[in-house]
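None of the figures in this text is laboratory data; all of them are computed from the coordinates on show. Here the structure is a predicted model, which means the values were calculated and not measured. Glycine also receives a Cβ, built like all others from the backbone with ideal geometry; neighbour counts cover every protein chain displayed.
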Amino acid sequence: MNKKTFLAFIGPSVLMMVLFIALPLATVLKQSFYQTQSVYETLEVETCSPTFTGQVCIKEIKTIPIIGDNGKVITQTNYVGLSNYQNVLEFPRVIAAFANNSWHEFMLIDFWKALRFTLSFTLITLPLVLFFGLLIALCINNVAKSIRGPVIFVSLLPMIITPVIGALAIRWLFIGDGVLTSFLEWWFAKDIAMFAQAWTIEFMMTFYRVWHVAPFAAIVFYAGLQTVNQDTIESAIIDGASRWQKLRFVILPHLMPLIVFVTLIHLMDAYRVFEEVIGFSSQAHVISLQWLTYDFLTADLMGNRSIGRASASSMLTMIGITLLLIPVLRGVWNDYKGKRL
Amino acid sequence: MKDINLIKQPLTLRFSSYFFLIFWCIVAAFPIFWISVISVKLPLDAFNSNALNVIFGPATLSQGKGLSFIDITVGLAIILFTAKLTTGWLGRKVNQYSPNGYVGFGWIIGSMTFGISFIVVFFAIMPSILSVLNEYTGVLGNNIIGFSTEHYSTVWFERDFINNFKNSLLVTTGVVSISLTFGTLAGYGLARSGSNLAFWILIIALVFRALPHSVLVTGYLPFFINSAEILRPIFGDAAPTFYGMPWATVAVLVAINQPFTIWMLRSFFQSIPAELDEAARVDGCSHFQAFRRVIMPVMWPGVITTGLFSFLLAYNDFLVTSMLLEAQNTTMVPAIASMFNMETTTTDQVVAVAAAVSIIAPLFFLVMFFQRQIVSGLTAGAVKG
C-alpha cells in the first residue's frame, strides 16, 4: 500500500482525532493561562425613597457588570499566568495544613482531596480486579462446558450495564433501610448508616468498580487460558509440579501479557472515576479529579463557568495519568523493542 | 488433552469452583435483579426493610395490583422461548434471508424486528389475554405477587422520557454509523501498512484513549457555547450554536471513540489474510475496491462487534452528554440524574428506579443477542495484540 492510499484510508479518522481531541487539548492548555471575567464598572447610584418628611436619598457606590448591546454581560479575557493553577492547588492552605501537621485540614482542600481519592481508588481496585478476574476465569475453566455459557452471560451483565445505573443499583441496596443495610444491621446488631461517612461510601464505590470490571478481566483471562500450551502443563505434571506450582510457573507467565493489558486498561479507566460520584451522590464526602473538573465546568446560579480553573485542573489530571501510565508503557515499549531485535 | 486436567482434579477443587461461581453469579445479578423488583412495587414496599416484603409486595397487592400464578408462568415461558429463539433460530434465519455480503445489515434488521415484535407481544397482547384468562381460572388467577407498572407510565409519559429516548436513539445511531465508517477505513489502512507512521498513529491513539473525558469537554465547552459568535465571520448569521445540538455531541463522541475503534478493527483486519486483497488486486481492483468488495463482506463479525462497543460508549455516556446538551433536552442517562437527586418523596425514588430499569433493559437484550460478539470483542485486542 503506497503512502497516498494509506493517507486516504486513515484520513477521515485522523482528521476527527485532530479536530476533536488534539485541538481541544491545545485549547485547554491555552485556557489554563487565561481567565474570563465579566467587566465591572463602579457607579455612584442614588436611591431615593419617600418618607413622611419628604424624600430621603442615599448615595452608594456600586460595582455592577456592564451589559452590552445584545443584552449580555460583557466579558473580557486576560492572561493570568499560573494563577489558575494556584487557585486549584491552593498552596497557602497546603502549607498552613502542614504547618499545623493536620492531615484533616489538608484533606479539606478540594484538589488534594480529589487526588487522594482518585489515586487510592485506582491502586486499590487494580489488585482486586486482577485477583477476582483470575479467580472467576480459573473457576469457569474448571467447570463443565454446558454451564460456562450461562455463567458468562450473567458475568457480562455488570460489565455492560450503564456505569451510573450500576452505581445507583448498588446505592439502592444500601440506601436508608435498603435490603443490604438491614442485613448488615441484623448481622452486627447495631444501627448502620452507609451514606453518613466517607469510608463506607468509598467501600461501596470500590465494591461497585470491582463488580463492574472483574468480568472484563475474567473473560480476557479465560480466553488466555484456552491457549495455554498443554504439553508444558503435561511435562510440569510429569515433573511432579503441584497444582500451585503449575499455576505459578506455567499459567501465570502465559497470562502475563494479558495481565499487563488488563492493568493498562484498568489504570486508564479507574483514574477516570466519575460515574460513582454521580451515582452515589457522594460529592459532600468523596470527590474525584474528573468530578472536580466537571464541577468547575458546571454553570453556577449566575450562569458562570470557571473555565480557567477547569482547564488548570484538567491539565493537572492529565499530568497525573501520564505519570501513572509511564511504568506500564515503558514495560510494553521494552517488550516491543525486544521483539523487534 | 484437557482430560488429564479434569481427571486429576480433586473433587474438593471442582466443588469449590462450582460453589464460587454460584456465589459470583448471585453477586453479579443481584443488584440488577433487585432494582427490577423494586421498580414494579409501590413505594411502601419498594424501600421496605424486610426483604420478603419487597419481593412479594403486600402493600402493592392490597391495592389490587399484582400478578397471578398464571401470569408468572406464561410470562416466564415467553421469556424462555424468546431466549431460545435468539440463540439459534434467529441467527439461522438471518443468514438464510440476508443477501450475500449484507449479513451485518440483516442482523440489524432481524434483531430490530425481533425486538419490536417481542415488545408488542409481551407488553400489549399478553396482558390483555391474561386478564381475561385470570377471571376464569379461580385460585390460580388470584394475585400472589405485588406488581404495578404505574411508575413506568409515570416515567415514560408524564416525565417525558420518550423525548430523552429519542435523543439517545439519535446520538447512538449517529455515533455507531459514523465511527464505524471512519474506523473501518482507518483500521484497514493501519492493518495493511507496516510503516512507522502507522505505528506512531496507533501509539498516539492509545495515549488519547487514556485521556479523561472531562479534559476534552473543558476544551469544547467554551467554543460550543460561543460558536455562533466565533463562526459568524465565516457563516454569517447562519452560524450555529453547537451547545445543545445532538449532532455536535455525536461528533464529539465519535472522536472520543475513534482510538478504541481503530485499535479493535485493526486487530480484526489483521486476522484476515493479506493474500485475499492481493488476489483482488491482481484481478484489477483498486485498493478501495478490494476493501469494499472483498474484505468488507468477510469483516462483518468484526464490524458488528466494534459497533456494539461504540453503541455502549454512546449509550452509557454521562459526562459528555450532560455537559454538551441542555438539561431539558438530553439523552436518557443524564436525564436520570435529575430524577434521583429529587429526593422529595419516595414515589420519586421509585420512579427513578423505573427509569433506571428502562435504561438497562435494552442492554440486557443486547447481551442476550450478542454474547458471542461481545466476548470476541473483549478478547480481540488482548489475545492477538
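Data overview
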quantity: Cα centroid separation, the stretch B:160-237 to the stretch A:1-62 (Å); calculated: 23 Å
quantity: Label-to-label distance, nm, for residues given as B:THR181 and A:TRP244 (7 Å Cα→Cβ offset); calculated: 5.9 nm
quantity: FRET efficiency, A:PHE91 to A:ALA22 (Cβ-Cβ, R0 30 Å, nearest 0.05); calculated: 0.45
quantity: All-pairs alpha carbon distance profile, the stretch A:83-205, 5 Å steps from 0, percent; calculated: 2, 8, 11, 13, 13, 15, 13, 10, 7, 4, 2, 1, 0
quantity: When chain A is reduced to its Cα atoms, the Kirkwood hydrodynamic radius in Å; calculated: 25.2 Å
quantity: Scaled radius of gyration (Cα, divided by 2.2 N^0.38 Å) that the stretch A:7-158 gives; calculated: 1.99
quantity: Ranked list, fewest to most other Cβ atoms within 10 Å of each Cβ, for B:CYS285, A:CYS57; calculated: A:CYS57, B:CYS285
quantity: Chain A, relative contact order [Cα under 8 Å, separation at least 6], %; calculated: 22 percent
quantity: Cysteines in the protein assembly as shown lacking a second Cys C-beta under 4.7 Å; calculated: A:CYS139, B:CYS25, B:CYS285
quantity: Calculated FRET efficiency for the pair A:MET256/A:VAL143, C-beta based, R₀ 22 Å, to 0.05; calculated: 0.35
quantity: Kirkwood Rh and Cα Rg combined as Rg over Rh, evaluated for the stretch B:275-357; calculated: 1.37
quantity: Against the rule of thumb 2.2 N^0.38 Å, how large the Cα Rg of the stretch B:161-385 comes out; calculated: 1.18
quantity: Cα centroid of the stretch A:218-258 to Cα centroid of the stretch B:244-276, whole Å; calculated: 34 Å
quantity: Relative contact order (%) - criterion: Cα under 8 Å, at least six apart; region: the stretch A:182-328; calculated: 20 percent
quantity: Efficiency of FRET from Cβ geometry, A:ALA8 and B:LEU169, R₀ 25 Å, rounded to 0.05; calculated: 0.20
quantity: Order of A:ARG248, B:ARG14 under a 10 Å beta carbon neighbour criterion, fewest first; calculated: A:ARG248, B:ARG14
quantity: For the stretch A:220-341, diffusion coefficient by Stokes-Einstein and Kirkwood Rh (Cα), 10 °C, 1.306 mPa s, µm²/s; calculated: 87 µm²/s
quantity: Alpha carbon Rg of the protein assembly as shown, scaled by the compact-globule rule 2.2 N^0.38 Å; calculated: 1.07
